[in-house]
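The numbers here are math on the coordinates, done by the rules we state, and not lab data. From a predicted model like this one, the values you see are computed outputs, not experimental measurements. Cβ placement follows ideal geometry from the backbone for every residue including glycine, while neighbour counts extend to all protein chains displayed.
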Amino acid sequence: MALIYELTPAIVFLPLASFALALFFGRWMPKKGAVAGILATAGALGLSVVTLGWLLLSGEVHDQTWYTLVDAEMGVDLAFGILIDQLSAAMLVIVSLIAFLVHVFSLGYMNDEGEPGLPRYYAGLGLFTASMLAFVMADNLFMAFVFFELVGLCSYLLIGHWFTEDAPPSAAKKAFLVTRFGDYFFLVGVVGVLVTFGTAGFAGSEGFPALAESALAGETSVNTFGLSTEGWFSVLGLLVLGGVLGKSAQFPFHTWLPDAMEGPTPVSALIHAATMVAAGVYLVARMYGFYALLPTVLGIIAFVGGFTALFAATMAVVKNEIKQVLAYSTISQYGYMMLALGAGGYVAAFFHLTTHAIFKALLFLGAGSVIIAMHHEEDMWEMGGLKSEMRTTYLTFLAGSLALAGIFPFSGFWSKDEVLFETLVHALGGSPLLFGAYAMGITAVFLTGFYTIRMVMLTFHGDPRSETAEDPHSVGWNVKFPLSVLGVLAVVAGALNPVPIEMLTGAEVDFLHDYLYATPEALLTGAEHYSSLSSYGSGAIAGGEIGTMLVNAGLSFGLAVAGAGLAFGLYRGGSPARHTERLGRVQTLLMHNYYQDEYQVWLAEGFTVRLAAAADTFDQGVIDGTVNAVSSVSRSAGARIRQIQSGVVTNYAALVVLSLLALLVVFAILGGWF
Amino acid sequence: MVLETVPAEYYLVLSAAVFCIGLFGILTRRNALVFLMSVELLLNAANVNLVAFAFYWGNVTGQTFALFVIALAAAEVAVGIGIVLVVHRNFDDVDVTNATTLKW
């Protein structure tokens, strides 16, 4: 075993150590624990990069159990272990990179602004990073669930960082409860997987995806609780998907995410780019060997993803706060990833996850920089004209925005194009239902272009619309450095996998594709294995694969440019008008998020509370009533009978004598003495 | 032999009579001292029985038991008198029906 794999646990333990240090000694540490966090995440980043490098050079993967809670001989196998394959190694680099940059940025956003509770903040960041990294390298579903929950807990702690105000604690509770609602299904799913297969391992022929495959092929049999094998596996897949939808903020569990904007902006960057929200999509990718067996579940994933992409994009169009626009764009972009996974585009999904992590972290940190400059004013209508004052922020934010909008040649274009391309090809290959998901995805491209450029125009262009915007606060190196790193990456990350270029020129440039296909066959977690499982066929229009690619790329690029151009046309000039108000009642509907919150509150208050009240009545009345009746009978009987305890010895003696006489009489009658 | 003229039934009747007198005392009298005396009568009724049967069977075990009972009765009286004294101190007389404050 390579030395580097002896060190992989340190990737988790370094941020964990910074968590403990910041929590207990943060008050006396330099920068209240920020330095420890930066060093720890830098160390984790370094180790992750070395791990990735070693994997690239040697192709040697790593799957080892570290601690066994319950041995497999007991019927279920509960263990903690590390699985480093192509997918997790790449994800480790992404997570630790974003975490490192967020820690650096926090120096500017939290320390320099003199925010309270910094040790608590850095402890939260450290634990957040550690749990996500442990989740990424988890080698079984049980361990993944444990750290999935820890990630949720950390998001709760960090979103509610400013707990003395009204909104953040409420938003934190909402995030916790909504994701917990999904996680409830996930928990049932984990138990179901353990009961069905006896193991929750992801990889190898002993892992549950491999067992499911052989069960579906009829080679082995498992307990399916009376359902057909595929039906039961679909139920399991959907149960786990509940947790995914909650964490990745997919419809209808997306409502927590916009509220989570109440947390500090660096936390939003971390949540949206690398940790919390990415966890859901990553989980589907992690156990894709299981999902690829289930065409029905894949179809559901694709539809939910496509719908969420469009649904969230429409709401982003009318929002006035910069972070709200970004929040809805996150929901929408994760919808694309789910669409890709559901449509059989495993590589495309991970590609989009990568590029999105970069440009969304960039956009949030850029928004954070703007918020510092604006003295914590987030309304875009109070901004304007910031581009001349904040050169670095403007340029990097623009790069991120163009990537988000999917404009050639920025990174988002390549990944989003590939997501849509995979969907289209598989739709043409005999899965006409995917056309619906594709249509929603492609429509969302236009809206994405529109709201992204609207945000840029309102924030940075035109005349300053408030006094703070005329004279913004300056930002330091610790803000500009992360922005610059991410800005460069947002421009060039598309080079990871520019499939269209390969198709047109024949050059071998689809690096990510080859990388994910290089997973050793024995692990059964590689893209090659997944494509052999897929039931999707491939089809083409306009004269073959290249024609299809050109049609799709042209369509998505054209729509993105059209949306961007429309926003540019509408919002340019010194003082743009509030054009979305012309939407009238549609605008009201969108501003209220389709009344999603209202109906969920109604569900909680009108349904759940009543159900709970009825259950309470039953509990108090029937169950407790029975117990109380029994005890009150005993009590009243005791109260009566104790009257004979008069305290006078004579009475007792009389009772003894009378009883003796009565016994004698009974014996006499029964014994036949008379 | 004198004993041959007194059959065992006589002892039993005597014993039953003494026992009934003692029982009557316990059931009807309120004076604690009389109570103690009645208990003595009960015990001694049993003693008469023990000795009579021991003699009837030609076995000394019953007589030994009677000695034990006498010793026990002496001890019981010592404790009983002590209790009677305390009752008198607390209730100013030796009426057993007054001492009922430890009940529910």
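Using only alpha carbon pairs under 8 Å that are at least six residues apart, calculate the relative contact order of chain A and give it in whole percent. Before the final figure, lay out the partial values.
Values: 1187 pairs, mean separation 82.7, N = 674.
The value is 12 percent.
Taking neighbour counts of Cβ atoms within 10 Å as a proxy for exposure, in what order, fewest first, do A:K360, A:K323 appear? It would help to have the intermediate numbers written out before the result.
Values: A:K360 30, A:K323 23.
Least to most surrounded, the residues fall as A:K323, A:K360.
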Next on the checklist: Using only Cα atoms and rounding to the nearest 10 degrees, what angle (0 to 90) does helix A:229-247 make with the longest principal axis of chain A?
Outcome noted: 70 degrees
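Could you work out how much longer the chain between A:E605 and A:D71 gets when fully extended? Use 0.36 nm per residue separation minus the Cα distance between them, nm to one decimal. Can you show the working numbers first?
Values: separation 534, 0.36 × 534 = 192.24 nm, distance 4.36 nm.
Full extension from A:E605 to A:D71 adds 187.9 nm.
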Checklist entry - Taking only Cα atoms, what is the 0 to 90° angle, nearest 10, from helix A:167-197's long axis to the longest principal axis of chain A? => result 70 degrees
Item to check | Angle in degrees between helix A:544-571 and the longest Cα principal axis of chain A, rounded to the nearest 10 | outcome: 90 degrees
Checklist entry - In deg cm²/dmol and to the nearest 500, what is the mean residue ellipticity at 222 nm of the protein assembly as shown if only DSSP H runs of at least 4 residues count, each as -39500 (n - 2.57), divided by the residue total? => result -23000 deg cm²/dmol
Item to check | Protection proxy ranking of A:432-444, B:90-102, A:510-522 - average other beta-carbon atoms within 10 Å, highest first | outcome: A:432-444, A:510-522, B:90-102
Next on the checklist: To make sure I understand, if each residue's beta carbon is the centre and we count other beta carbons within 10 Å, what order do A:C154, B:C20 fall in, fewest to most?
Outcome noted: B:C20, A:C154
Checklist entry - Which order do peptides A:374-384, A:280-290 fall in by mean Cβ count within 10 Å, highest first? => result A:280-290, A:374-384
Next on the checklist: Compute the distance from the alpha-carbon center of region A:506-540 to that of region A:407-454, in whole Å.
Outcome noted: 20 Å
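Could you give the length gained on full extension between A:L23 and A:L658, defined as 0.36 nm per residue of separation minus the Cα-Cα distance, in nm? Please report the intermediate quantities before stating the final value.
Working: separation 635, 0.36 × 635 = 228.60 nm, distance 7.73 nm.
Contour length minus Cα-Cα distance gives 220.9 nm.
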Checklist entry - What ranking do A:K247, A:K173 get, fewest neighbouring Cβ atoms within 10 angstrom at the top? => result A:K173, A:K247
Checklist outcome for this item: The local net charge around A:G201, scoring Lys/Arg +1 and Asp/Glu -1 for residues other than A:G201 whose Cβ lies under 13 Å from its Cβ, equals -4
Next on the checklist: If I model a spin label at A:S484 and A:A507 as a point 7 Å from the Cα along the Cα→Cβ vector, what separation in nanometres do I get?
Outcome noted: 2.8 nm
Checklist outcome for this item: Neighbours of A:A279 by Cβ distance under 15 Å: Lys/Arg at +1, Asp/Glu at -1, summed charge +2
Item to check | Relative contact order, percent, region B:8-91 [alpha-carbon distance under 8 Å, six or more residues apart] | outcome: 29 percent
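Average partner chain C-beta neighbours within 10 Å, per residue of B:28-37?
Working: counts 2, 1, 3, 0, 1, 0, 0, 3, 0, 0.
What the average comes to for B:28-37 is 1.
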Checklist outcome for this item: Label model pair B:L27, A:T224: point-to-point distance (7 angstrom along the Cα→beta-carbon line) in nm is 8.4 nm
Checklist entry - Averaged over A:649-661, how many beta carbons belonging to a partner chain fall within 10 Å of each residue's beta carbon? => result 3
Item to check | Lysine pairs in chain A with Cα atoms under 25 Å, if 8 or more residues apart or on separate chains | outcome: 25
Next on the checklist: I'd like to compare A:88-96, A:496-504, A:629-637: which one has the highest average count of other Cβ atoms within 10 Å, and what's the full order after that?
Outcome noted: A:88-96, A:496-504, A:629-637
Item to check | Whole-Å distance, taken between Cα centres, linking region B:30-71 and region A:37-90 | outcome: 90 Å
Checklist entry - Summing +1 for each Lys or Arg and -1 for each Asp or Glu, what net charge is found among the other residues whose Cβ lies under 10 Å from the Cβ of A:L118? => result +3
Checklist entry - Taking the Cα atoms of chain A, what is the range of coordinates along each of the three principal axes, in descending order and whole Å? => result 122, 66, 55
Checklist entry - What is the average number of partner chain Cβ atoms found within 10 Å of a Cβ in A:211-224? => result 0
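Please tell me the relative contact order of region A:309-401 in percent, rounded to the nearest whole number, where contacts are Cα pairs under 8 Å and at least six residues apart. Show your work: numbers first, answer last.
Working: 76 pairs, mean separation 26.1, N = 93.
Contact order relative to length: 28 percent.
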Item to check | Segment A:L670-A:R640, length gained on full extension (0.36 nm per residue, minus Cα span) | outcome: 7.7 nm
